[in-house]
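The values are calculated or read from the model by the stated rules, or taken from the named source; none is laboratory data. Source: prediction; values computed, not measured. Note: ideal-geometry Cβ built from the backbone for every residue, glycine included; neighbour counts use all protein chains shown.
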Amino acid sequence: MKNELKNMFTEHWKYFAVNAACKLNLFDALENSKTVKELANELNLHEKNLVTLLSALCNNDFLKYTNSKFSLTAKSELLTDKHPESLKYACMNWAGEHLTAWQNLDYSIRTGQSAFENLYQSNFFDYLDKHPDKLGDYHKAMFEYARDDYKHLPELVDFSVHKSVLDCGGGYGAAINAVKEKFPQIECYLFDLPKVVESIKVINIQKIGGSFFETIPQVAEAIILSRVLHDWEDEKAKLILQNCFAALPKGGTLYVIENCADKINIDLSLLSLNMAVMCQSFERTSTEYIDLVQSARFVFQKNIKLNELQTVLIFKKL
Ligand SMILES: C[S@@+](CC[C@H](N)C(=O)[O-])C[C@H]1O[C@@H](n2cnc3c(N)ncnc32)[C@H](O)[C@@H]1O
């Protein structure tokens, strides 16, 4: 038991070794196997410390060492830019400001306020707006999660009943891309903050920049609101929902996609703490989401399980 505890205290070191390798583009540089010297020269690194890092990566199955050369394993291939299912930015996301906020979790537990906001004097999305390099990295990370999470969305939800769909707070467009791919006849819109939509390319999808706290464009019969409400406490979430209501025509549909704690077998408490430190929000149950969305005059229709984490809650504007 004591050893288990002692090991747990430093478990994060493994993640930081891998995170450093991603930040240094070390896995990308190992597309072809290389010696320490070759790597140190190419990436301009301190050779002795590099040897220690490479050794830690080998011992944790992130690298192989044969004939004096280091090469990638299946795990580290997934952390290269080139891999079509790369998780490189997802890996890097949890260091930086996320980590700094987590180090101040006690502040959030004491005050009920976001540790991030206390440290950076800004909410997370305003902070990203002022730091374009971080904005890009965050959205690439979200996309790497979303690409996997929304893969089966168009098979499970019949979007073909709509002529037009808007993905509100859609980030780099993983959900709306999946919809457009399966239903090319649907007019698709991606709505997010101006700097977010400016920084991406989407095909056959119309990009619209704006804020869902101000107004959401009245262009579609259906709105997808995925992993948006969990970023906001009830009052702000209600404002987004009221703007969705105003944007939809009578008979319009709202798809809320969230991690509903009561619909899955995964414990969401750590994820909920992440929302508390970053955004002063929390993961909700399906009943809490339904109450919240119905408070903006929508009527709940049904729910569909999307994957082991997420549920689609379907609402109508009657
Ligand atoms: C957690 S991400 C979810 C992204 C995507 N829907 C997904 O499921 O991966 C929240 C999104 O809300 C967007 N967002 C934050 N504030 C916004 C605002 N005021 N107006 C529009 N979009 C906003 C962010 O830029 C981000 O893309």
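So, of the residues in the range 138-180 that are more than 10 Å from the ligand (Cβ to nearest atom) and of a type in the set (A, V, I, L, M), which turns out to be farthest from Ile208 (Cα to Cα)?
Leu156
Exactly one condition in (1) within 10 Å of the ligand (Cβ to nearest atom); (2) crowded, with 20+ Cβ neighbours inside 10 Å; (3) under 25 Å from Met92 (Cα atoms) is not met by Leu135; state its number.
Going through (1) within 10 Å of the ligand (Cβ to nearest atom); (2) crowded, with 20+ Cβ neighbours inside 10 Å; (3) under 25 Å from Met92 (Cα atoms) one by one, Leu135 breaks only (2).
Would you check which residues across the range 264-285 are surrounded by fewer than 18 Cβ atoms within 10 Å (Cβ to Cβ) and assigned to a helix (DSSP H, G or I) and list them?
Answer for the range 264-285, where residues must be surrounded by fewer than 18 Cβ atoms within 10 Å (Cβ to Cβ) and assigned to a helix (DSSP H, G or I): Ser269, Leu270, Leu271, Ser272, Leu273.
Scan the range 77-111 for residues that are outside any loop (DSSP other than H, G, I, E, B) and among the small types (Gly, Ala, Ser) and jot them down.
Correct list: Ala90, Gly96, Ala101, Ser108.
Just a yes or no: is a residue in the range 148-162 closer than 27 Å to Thr80 by Cα and free of Cβ contacts under 8 Å to residues at least 40 places away in the same chain?
yes
Tell me, which residue of the range 289-306 that is within 17 Å of Ile266 (Cβ to Cβ) and buried (at least 16 other Cβ atoms within 10 Å of the Cβ) is farthest from the chain's Cα centre (by Cα)?
Only one residue fits best here, namely Asn303.
Which numbered condition in (1) farther than 30 Å from Glu187 by Cβ; (2) at pLDDT 95 or above is the only one that Asp133 fails?
(2)
Given the criterion surrounded by fewer than 22 Cβ atoms within 10 Å (Cβ to Cβ) and in contact with a Cys (Cβ under 8 Å, 6 or more places away or on another chain), identify the matching residue among Ser164, Ser160.
Of Ser164, Ser160, the one residue that is surrounded by fewer than 22 Cβ atoms within 10 Å (Cβ to Cβ) and in contact with a Cys (Cβ under 8 Å, 6 or more places away or on another chain) is Ser164.
Could you list, in sequence order, all residues of the range 240-252 that are within 15 Å of the ligand (Cβ to nearest atom) and either on the phi > 0 side of the Ramachandran plot or more than 22 Å from the chain's Cα centre (by Cα) (or both)?
The answer is Gln242, Asn243, Ala246, Ala247.
Scan the range 169-178 and tell me whether some residue there is within 20 Å of Ala246 (Cα to Cα) and among the small types (Gly, Ala, Ser).
Yes - at least one qualifying residue is present in the range 169-178.
Whether any residue in the range 98-112 is more than 25 Å from Leu128 (Cβ to Cβ) and at pLDDT 95 or above is what I want to check.
The answer is yes; a qualifying residue exists.
Filter the range 190-236 for residues that are assigned to a loop (DSSP other than H, G, I, E, B), within 8 Å of the ligand (Cβ to nearest atom) and under 23 Å from Val157 (Cβ atoms) and give the result.
Phe212, Arg227, Val228
Among the helices (runs of 4 or more DSSP H) lying completely within the range 1-74, list those that include at least 2 residues that are in contact with a Cys (Cβ under 9 Å, 6 or more places away or on another chain) and buried (at least 18 other Cβ atoms within 10 Å of the Cβ).
It comes to 12-23.
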